[in-house]
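Shown next, in structure tokens, is the structure this report addresses.
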Amino acid sequence: MIEFLLQPWPWYFSGPMIAFVLFLLLWTGKSFGMSSNLRTLCAAMGAGKNLSFFQFDWKAQRWNLVVATGAVLGGFIAANFLSTSTAVAISPATILQLNEMGILDAGQSYMPEKLFGLNAFGSVKSIFLLSLGGFFVGFGARYAGGCTSGHAISGLSNFQLPSLIAVIGFFVGGLIVNHFILPILL
Amino acid sequence: MRTLLYFSIGILFGITMFKSEAASWFRIYEMFQFNAFHMYGIIGSALFCGAIITFLLKKFKVNSVVDGEPIVIPNKESGWKRYLFGGIFFGFGWAISGACPGPMFTVLGAGFLPIVVVIAAATLGTFCYGLLQKRLPH
């Protein structure tokens, strides 16, 4: 069992575990939606003074910030105590492709050093990519009213057509950037 | 007590995101290349189980274990523009940063510090949506 948990989790274990998290949140009277935290953060920092979108009782959403804080600790625990190796065994075709694009640690690490190593802080290009990506994630998630957890998991589990449209949007946007923009930007 | 409950759920979520490798930039890249079944297996099996869970909670009108109130799973507002356009923007960002709003926090805990740039930019993006909300088609 311990041996199994220390390996990268297979999809057929990971998916049901995500559903279990969804269950725990629904069962305790909440919902599974992580991007709402970004709105809560804006409201907590005073964005509600001028913008009605941020005028809500953000303190009622503190439980979700607590979930996100737990997710930080969970990441720390998983990376430091629950992994014999953190290399991600992506497919050989992807490794080859990324190598050609200058991502040389594909298949050997958890995240590309170029974007997520400490040296990224000294690279204008890396900071630009991280900022651009983050901005679109935050803007798009709120525009669409949810992200992967809110739409792809919670919404589709509840057979919501809007969530299906959003998820189609996620993939339309993702495929365009992955295939046509990333090869130029990286 | 409740804080501890949600903190524990968050820890479980964070561990799951890291160990499933859904928090890895490489897995997201590979997913959009259709080079592996892994991410589709995760999302598909999560959905399969999630749909059964959601169905059962609704069918048996289960009450919240915390305060005994009925569990409400609200429907999404109808429409399509905001979902499609917002979704496409989200997809742009997902493909570049390899991070969605949950795994971002996990990646931070795992020690990949440049993710703070992504989190800060995502918060700014959320703020800009609030700024432009009334001018955007919904």
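Taking a span of 18 Å or more along the helix axis (Cα atoms) and a mean Kyte-Doolittle hydropathy of at least 1.6 as the rule, the DSSP H helices of chain A that qualify are A:11-27, A:161-176. For chain B, the residue among B:GLY98, B:ALA46, B:VAL62 whose Cα projects farthest onto the positive side of the dipole built from Cβ charges is B:VAL62. Distance from the Cα centre of the range B:77-116 to that of the range A:104-143, in angstrom? Result: 12 Å between the Cα centres. Electrostatic bookkeeping for B:PHE90 treats Lys and Arg as +1 and Asp and Glu as -1; over the other residues with beta carbon under 13 Å from its beta carbon, the sum is +2.
Which of rounded, prolate or oblate describes chain B when judged by the alpha-carbon gyration tensor and an a/c cut-off of 1.5? It comes out rounded by the Cα gyration axes.
The residues packed around B:PHE127, meaning those with a beta-carbon under 13 Å from its beta-carbon, carry a net charge of +3 if Lys and Arg are +1 and Asp and Glu are -1. The ellipsoid equivalent to the alpha-carbon distribution of the protein assembly as shown has semi-axes of 28, 24, 19 angstrom, derived from the gyration tensor eigenvalues as √(5λ) and listed largest first.
Which pairs break 25 Å Cα to Cα here: A:LYS30/B:LYS61; B:LYS81/B:LYS134; B:LYS19/B:LYS61; A:LYS59/B:LYS58; A:LYS30/A:LYS59; B:LYS19/B:LYS76? In this structure, B:LYS19/B:LYS61; A:LYS59/B:LYS58; B:LYS19/B:LYS76 exceed 25 Å between Cα atoms.
Going by neighbour counts of Cβ atoms within 10 Å, the residues A:PHE180, B:PHE48 line up, fewest first, as A:PHE180, B:PHE48. Among B:TRP80, B:TRP25, B:TRP94, whose mean-square fluctuation peaks in a Gaussian network model of chain B (Cα, cutoff 10 Å)? Answer for the Gaussian network model of chain B: B:TRP80.
Shielding by partners for peptide A:78-84, expressed as the average number of C-beta atoms from other protein chains within 10 Å of each residue's C-beta, is 5.
Comparing chain A with the 2.2 N^0.38 Å rule of thumb, its C-alpha radius of gyration ratio is 1.16 (two decimals).
Here, the range A:1-84 has an Rg and a Dmax of 16.6, 53 Å when only alpha carbons are counted.
For the range A:123-186, dividing the convex hull volume of the Cα atoms by the residue count gives 72 Å³ per residue.
No lab work stands behind these numbers, since they all come straight from the coordinates. The structure presented is a predicted model; accordingly, all values stated were derived computationally and were not measured. Positions of Cβ are backbone-derived with ideal geometry, glycine not excepted, and every protein chain shown enters the neighbour counts.
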